[in-house]
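Just below is one structure, and these are the notes that go with it.
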Amino acid sequence: MADLPFPLDPPLAATLGRALDVEGKIPRALDSLGPISGRDVVLVGGGEVEVQRLTGLGGRLTGVDPLAGADAAGWPLADESADAVVASWSAFRGVEPAELTEADRVLRANGRLLVLHDYGRDDVARLRVEPPEILDWSRRDGPFLRAGFRIRVLHCFWTFDSLEVARDFLQAAFGELGAAVGSELKRPRLSWNVALYHRSRGRAAV
């Protein structure tokens, strides 16, 4: 599922999908910054969680795959055919000029590009073993802010039915690292800070 912050096997992905942001902070922020309701929305690389989130907001959804490199063919969409382009975790990873150009091509005047990535600096960050590129992305001199994006940080959670469910999931999904994080939980949830990068069509880089 491309709209989850970690690649997981389907049963574990389904468990995590149910645990993500049960407070609904992400859809509220997307609709606030889009908006999404009643608009034509392009979803880049999204899976079931993101489709449900955006259709639940009342968006008219079209799905496309992330661009595979600077030389990839563009999306099969008409110019100025969308009010918002939304991507979560799998696309716009660090910002490529070709991605911004294609997003601006399909967006209408005043259209919005909304990109979700982990912000880090939370409980979930302890589950990561790869280099913390997400920390560089949110810097003032990082690729998003230099490309004219602004950032809204959403203080969300992974929320499970019980401590036992949370610990079992973490161990199954992340092995010894997950077991160590789970053993320290006092409540059945992990803090999860999400960066929502947002940019209007064609906004000049800063």
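The values are calculated or read from the model by the stated rules, or taken from the named source; none is laboratory data. All values derive from a computational prediction rather than experimental measurement. Glycine gets a Cβ as well: all are built from the backbone with ideal geometry, and neighbour counts include every protein chain shown.
Summary table below
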read-out	value
Candidates PHE92, PHE149 - the one that is among the aromatic types (Phe, Trp, Tyr), out of contact with any Phe, Trp or Tyr (no Cβ under 7 Å at 6 or more places or on another chain), over 30 Å from ALA180 (Cα atoms) and surrounded by 20 or more Cβ atoms within 10 Å (Cβ to Cβ)	PHE92
Residue identified as out of contact with any helix residue (DSSP H, G or I) (no Cβ under 9 Å at 6 or more places or on another chain) and not hydroxyl-bearing (Ser, Thr, Tyr) among LEU100, LEU114	LEU100
Out of ALA73, ALA78, ALA109, sole residue that is touching a residue at least 60 places away in the same chain (Cβ under 8 Å) and exposed (fewer than 14 other Cβ atoms within 10 Å of the Cβ)	ALA109
The one condition in (1) at pLDDT 90 or above; (2) in contact with a Ser or Thr (Cβ under 9 Å, 6 or more places away or on another chain) that ALA87 fails to fulfil	(2)
Qualifying positions in region 140-169 - of a type in the set (A, V, I, L, M), in a helix (DSSP H, G or I), closer than 20 Å to GLU23 by Cβ and within 23 Å of the chain's Cα centre (by Cα)	ALA166
Tally of residues being over 15 Å from the mean Cα position of the chain (by Cα) and exposed (fewer than 15 other Cβ atoms within 10 Å of the Cβ) across region 1-13	3
Residue count for region 17-57, restricted to those that are touching a strand residue (DSSP E or B) at 6+ places or on another chain (Cβ under 9 Å) and among the acidic types (Asp, Glu)	4
Qualifying residue in region 172-192 (condition: more than 24 Å from THR15 (Cβ to Cβ) and of a type in the set (Phe, Trp, Tyr))	no
